[in-house]
Amino acid sequence: MRKFLKVLPFKKVFVFLFVFLYTLLPSLQAFGVVLEDYALDDVSSEVDVSEDILDEGISDPEEIAKPTWVTSEESATTSSPVVLGEVYVYPNNSDVTVVFSSLPEVSSTLTIKTVYLTDEQVEATNAVSNVAYDITTDMVDGSFNYDLTLPKVGDSNKVVYAEDVSELENAKDISNVIEDESSLKIEGLDHFTVFVVVNPNLAGNGNPSSDTCQTVGITGDPICYNTIQEAINAAQFNGSSELDTINIKNGTYNECLNIAGENIKLLGESKSGVVINNTSCTSYGIHVYGADQIIFKNMTVIGAQSSYTFKIANSTNIELRQIIVKGSYNTGIDLNGVNGAYINNIKVLNTVWGFGLMIKDS
């Protein structure tokens, strides 16, 4: 009854108006009909508003306020330029979020892409999984600041980044990672890159500030040492029955190394982050002699200033992977009398005398 009383008088007014216009100005007949129809529709919608349509989720204010994305299977881009304070939740993984704390006068859209790493990239970065996130905008690096959250996997509490997926072998650490039960947060970032969640450093047994940790066998507990050579000596003492992996944290090590054992792997945390400085060595920088199954991976070596940097002789099954040698006085890497060698992704730069790489009687 309420609806009838509300509609009826209003309809009469428009009928009267229609008749009046038709009498005075016949050419407006069609216009009058449109007005009458519109008025009736308007009354109907007014009545509908009195009903509770929010229960149906038609005009939920929270849903309307959420930022919208243009999505694909592996990426998403905001449909409009980003704004301050908005929480941008990656539609393909809600644990990945971006919040801007400062922006240039003209901002741009934000794109987040899921990147799947190769086995070599996982190994090179010590990633906890093969998933990384490539986050980009058209804004100039340094013109904005933002906070980023990433999913925490297992005991992961560390994030590395690179400007491009192809540069992950030289990934750099992010130091200001805030950890909670389910996520890792980095505050105040001013550039967009590829971000990878990686395994934490091996914890030391009794000396948490140690620089290198030696693991005996695949499942052995780590024992940490203050120098790389100390870890090498311990590995040689253990014998050759199991692979001894020496995990080297990022940092600079002013050492000259000697290896004559078997089944030893020296694994740097990252190629650019682990720097072995041989400049104080009066002989070879890294000397491997009469050894078997020795692996060097992920490190930068500053060359010896009076001799060879890597001198590997009378040995078998040697691997050199993802290594940079800089400024060696004599040949950067010398293999003499080596039976079985694997060399991959090696750079030798600025050698003073001799060769970058020399292989003889091998």
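Of note, LYS311 satisfies the criterion of being without any contact (Cβ under 8 Å) to a residue 60 or more places away in the chain and touching a His at 6+ places or on another chain (Cβ under 9 Å).
Within the stretch 328-351, identify whether any single residue is open to solvent by 40 Å² or more (accessible area, probe 1.4 Å), touching a residue at least 40 places away in the same chain (Cβ under 8 Å) and more than 23 Å from SER280 (Cβ to Cβ), and answer yes or no. Yes, that holds for at least one residue. Here is the figure for the stretch 264-303: residues that are under 20 Å from GLY337 (Cβ atoms) and more than 32 Å from the chain's Cα centre (by Cα) total 11. The residues of the stretch 229-250 that are open to solvent by 20 Å² or more (accessible area, probe 1.4 Å), modelled with pLDDT of 85 or more and either acidic (Asp, Glu) or in a loop (DSSP other than H, G, I, E, B) (or both), listed by number, are GLU230, LYS249, ASN250.
The single condition among (1) over 24 Å from THR109 (Cβ atoms); (2) touching a residue at least 12 places away in the same chain (Cβ under 8 Å); (3) not aliphatic (A, V, I, L, M) that SER175 does not meet is (2). When the stretch 251-292 is filtered for residues that are open to solvent by 10 Å² or more (accessible area, probe 1.4 Å), part of a strand (DSSP E or B) and of a type outside the set (Val, Ile, Thr), the ones remaining, listed by number, are GLY251, TYR253, ASN254, ASN258, GLU262, ASN263, LYS265, LEU267, ASN277, HIS287, TYR289, ASP292.
Among the residues that make up the stretch 122-129, is at least one of them in a helix (DSSP H, G or I) and surrounded by fewer than 21 Cβ atoms within 10 Å (Cβ to Cβ)? Scanning the stretch 122-129 turns up at least one residue that is in a helix (DSSP H, G or I) and surrounded by fewer than 21 Cβ atoms within 10 Å (Cβ to Cβ). The C-beta contact set for the stretch 249-277 (first residue without any contact (Cβ under 8 Å) to a residue 40 or more places away in the chain and within 17 Å of PHE310 (Cβ to Cβ), second residue outside any strand (DSSP E or B) and of a type in the set (Asp, Glu), distance under 9 angstrom, 6+ apart or interchain) comprises ASN277/GLU255.
Of all the numbered requirements in (1) on the phi < 0 side of the Ramachandran plot; (2) small (Gly, Ala, Ser); (3) touching a strand residue (DSSP E or B) at 6+ places or on another chain (Cβ under 6 Å), GLY340 misses one, and that requirement is (1).
The values are calculated or read from the model by the stated rules, or taken from the named source; none is laboratory data. A quick note: this is a predicted structure, and the numbers were derived from the prediction, not measured. Note that each Cβ is placed from the backbone with ideal geometry, even for glycine, and that neighbours are counted across all protein chains shown. Accessible surface is based on the protein model in full, side chains and every heavy atom, while ligands, DNA and RNA are left aside. Shrake-Rupley method; radii C 1.70, N 1.55, O 1.52, S 1.80 Å.
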